[in-house]
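J.: Got a structure for you, written out below as structure tokens; questions coming shortly.
Every number here is computed from the coordinates shown, using simple stated rules; none is lab data. Please read all numbers here as calculations on a predicted model, not as lab measurements. Cβ atoms come from the backbone with ideal geometry, glycine included; neighbour counts cover every protein chain shown.
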Amino acid sequence: MNAVEFKNVTVEFDGNIALDNVSFEIKDKEFIAIMGPNGAGKTTLLKTILGLVYPFKGEVKVYGYNPIEHASKIRKMIGYVPQREYISRDIPVKVKDVVLMGMLIHKNIPRFARKVDIETAIEALKIVGMDWAWDKPFNALSGGQQQRVLIARSIATNPKLLILDEPLTGVDVATQTVIAEFLGHLKTKDITIIFVTHDVNPISHLSDKIMILNRKVIAYGKPNNVLKPEILSKVYGDSIKVFECYPCPIIVTGDTHG
Amino acid sequence: MVDLLSPILIKAYISLILLGVMAIGGALAFMRGVAYLPAEASHAALGGVSVAVLLSYITSIYVDPLIWAVIFSALSSLLVAYAGRHGGPERLNAALAGALAVSLAIYAAVRAVVPAELRAIMDTYLISDILLISTQDLIELAIIVIIGLFFLNLFYNEFIYVCFDPEGAEALGLNIKLYDYLLFSLIGLAGGIAAKTIGSLLVFALILAPAATAREIAGSIKSYLVLTFILTTLLGYIGLFISVLINWPPSGSIALITSFIYIMVITIKTLRKE
């Protein structure tokens, strides 16, 4: 079964094309990395999957459902980790509040947390190695720790599809490794994972497929077939360096989020 | 000897409790990143009061200024929210300035044409006196505060999500547009009530200064909101007692005490960091 299916999808904002005739399929339980330069349409693609963006043309299906017509149904299946820069730092929120948020949002008003919700939230924090921070202020944590808490929030809802938008941005190398390790663990739990990143190296070995996006799908396939200089240079220019390594090549794009 | 249980002072005590509840709107404004909104909303109240006064003057029928004040405050906040949603922070700030300018223009224009006794009513919303709150005002304030508190309790989680992570909340299916408009309306109501109780010129002192102080101390959202309520009410009482003892205008002494406490907390925090 396909978790996500795009058929000739074009998305426009004020006449500017963000995604141009994009077609691909993501099979259930696959781990997909999506990379591309700034403005390549990566976040737009995720928002289209979430049903937050209306395609100008083409067809999108998430687990067989149109994500706009069946928004409430598909959003219950999805765990979403937004870019950390969109998270407010003006709120004295605690880690437990953040993790419970993901579950409470699917409950009816006034959205009280039950004992089972708290236990699930603690379990999710354990997976990302942050259960010790349950009662800590979110703003007191490092960028990498905050990122792990946000991932815990999304996995606490037990999603079929986990979408992560640049979770490695602003995170040190050690934490990148930790995040890659527990994503590897999640992969064994039969969750479909879509991982948008500027730096594919920490997770290329986990990826079933990698998509190179630059408004169009430039390449989509197994890491060893996609991470090639002749493909990557179409997007990043000739400055791209590819080092052959096992199990996946290592690439140096010089590209950062900004 | 001052009678601390005189009807005038009892009404002032109750007003300060109600204002303490609505000062939570100031805390919400900080969390939503629109700290200036309560001040703008309280100035918009001047526009509402001016319209009410003008209608009274033209029709010779009493038109309640407080109701018009809070309607204008809430509507101007909704306008600001709409501008922010459709044009980002730049349009939001432009709408804040625009709503402020229009309200003050209405105030200035109406003030020029109405007689002195009606001008006096208008001016009480500019710099108010909590000792002059009437029983009818108090009942109306209580009803508005109860409505505000009801919505805050009902949609507490939603407001926090919208403030903390609007993108994530929307992706998970929350109607963030609806809750954002509701949140802005509540913040607007807080500004409108502040205009009545302390005057729009001093809103920073009683709605925003205690919230800003609480923000420096609180370790969780709930403690932040509770502390904002306690600080607003408590500092309001201290300011009120000082004003009664030394025969000062209460608004001025309350504003001075809340500002002093804020500066003190900031200074202590800065010194501790160093």
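J.: What nm distance separates the two modelled labels at B:R272 and B:T124, each placed 7 Å from Cα along Cα→Cβ?
T.: Computed distance between label sites B:R272 and B:T124 equals 4.2 nm.
J.: Whole Å is fine, so just give me how far the alpha carbon centre of the range B:51-107 lies from that of the range A:209-240.
T.: The range B:51-107 and the range A:209-240 have Cα centres separated by 54 Å.
J.: Ok, one more. Quick one: Cα centre-to-centre distance for the range B:189-232 and the range A:61-97, in angstrom?
T.: Centre-to-centre (Cα) distance: 31 Å.
J.: Ok, one more. Grab the DSSP H runs of chain A that are 4 residues or longer, score each as -39,500 (n - 2.57), total them, divide by all residues and round the 222 nm result to the nearest 500 deg cm²/dmol.
T.: On the way: 8 runs with 76 residues, N = 258.
It comes out at -8500 deg cm²/dmol, rounded to the nearest 500.
J.: Same structure, new question: Can you sort B:C163, A:C248 by how many other beta carbons sit within 10 Å, fewest first?
T.: Values: B:C163 24, A:C248 20.
Going from sparsest to densest Cβ surroundings: A:C248, B:C163.
J.: Running Debye on chain B with equal point scatterers at the Cα sites and no solvent, what base-10 log of I(q)/I(0) appears at q = 0.07, 0.09, 0.10, 0.17 Å⁻¹?
T.: The Cα Debye sum returns log10 ratios of -0.24, -0.40, -0.50, -1.33.
J.: Filter the chymotrypsin sites (Phe, Trp or Tyr not before Pro) in the range A:108-139 down to the DSSP loop ones having no more than 12 other Cβ atoms within 10 Å, then list what survives. Please report the intermediate quantities before stating the final value.
T.: Numbers: sites: A:F112, A:W132, A:W134, A:F138; in loops: A:F112, A:W134.
Those satisfying the criteria are A:F112.
J.: Write out the chymotrypsin sites (Phe, Trp or Tyr not before Pro) in the range A:142-234 meeting two conditions: DSSP loop, and at most 13 other Cβ atoms within 10 Å of their Cβ. Could you put the intermediate results ahead of the total?
T.: Details: sites: A:F182, A:F195, A:Y220; in loops: none.
Here no loop site has a sparse enough neighbourhood.
J.: If a/c stays under 1.5 just call it rounded; otherwise compare a/b with b/c (prolate if a/b is bigger, oblate if not). Do that for the range A:87-158, with a ≥ b ≥ c from the square roots of the Cα gyration tensor eigenvalues. Walk me through the intermediate numbers first.
T.: Working: a/c = 1.85, a/b = 1.32, b/c = 1.41.
Judged from the Cα gyration tensor, the range A:87-158 comes out oblate (a/c at least 1.5, b/c at or above a/b).
J.: Select from A:I163, A:I151, A:I87 the residue whose mean-square fluctuation is largest in a Gaussian network model of chain A (Cα-Cα springs shorter than 10 Å).
T.: Of the options given, A:I87 has the highest mean-square fluctuation.
J.: Sort B:L186, B:L37 so the one with the fewest other Cβ atoms within 10 Å of its own Cβ comes first.
T.: Working: B:L186 24, B:L37 33.
Lowest to highest Cβ neighbour count: B:L186, B:L37.
J.: Label-point separation (nm) for A:N66 and B:I8, each offset 7 Å from Cα along Cα-to-Cβ?
T.: 6.8 nm
J.: Taking the number of other C-beta atoms within 10 Å as the exposure measure, put B:M22, B:M264 in order starting with the fewest.
T.: B:M264, B:M22
J.: Treating chain A as a set of equal point scatterers at the Cα positions, no solvent, please give the Debye-formula log₁₀ I(q)/I(0) at q = 0.10, 0.11 Å⁻¹.
T.: Values returned for q = 0.10, 0.11 Å⁻¹ are -0.49, -0.60.
J.: Sticking with this one: Are any of the pairs A:K29/A:K76; A:K42/A:K234; A:K73/A:K115; A:K136/B:K222 more than 21 Å apart by Cα-Cα distance, and if so, which?
T.: Long pairs (Cα-Cα over 21 Å): A:K73/A:K115.
J.: Report the Cα centroid-to-centroid distance between the range B:15-43 and the range A:114-154 in angstrom, as an integer.
T.: 31 Å
J.: Here is a further query. Please identify every one of the GluC sites (Glu not before Pro) in the range A:39-134 that sits in a loop by DSSP and has no more than 14 other beta carbons within 10 Å of its own beta carbon.
T.: Values: sites: A:E59, A:E69, A:E85, A:E119, A:E123; in loops: A:E69.
Hits after loop and neighbour filter: A:E69.
J.: Continuing with this model, one more query. So what's the net charge close to A:F6: Lys and Arg +1, Asp and Glu -1, counting the other residues with Cβ under 9 Å from its Cβ? Working shown, then result.
T.: Working: positive: A:K7, A:K61; negative: A:E5, A:E25, A:E59.
Local charge sum for A:F6: -1.
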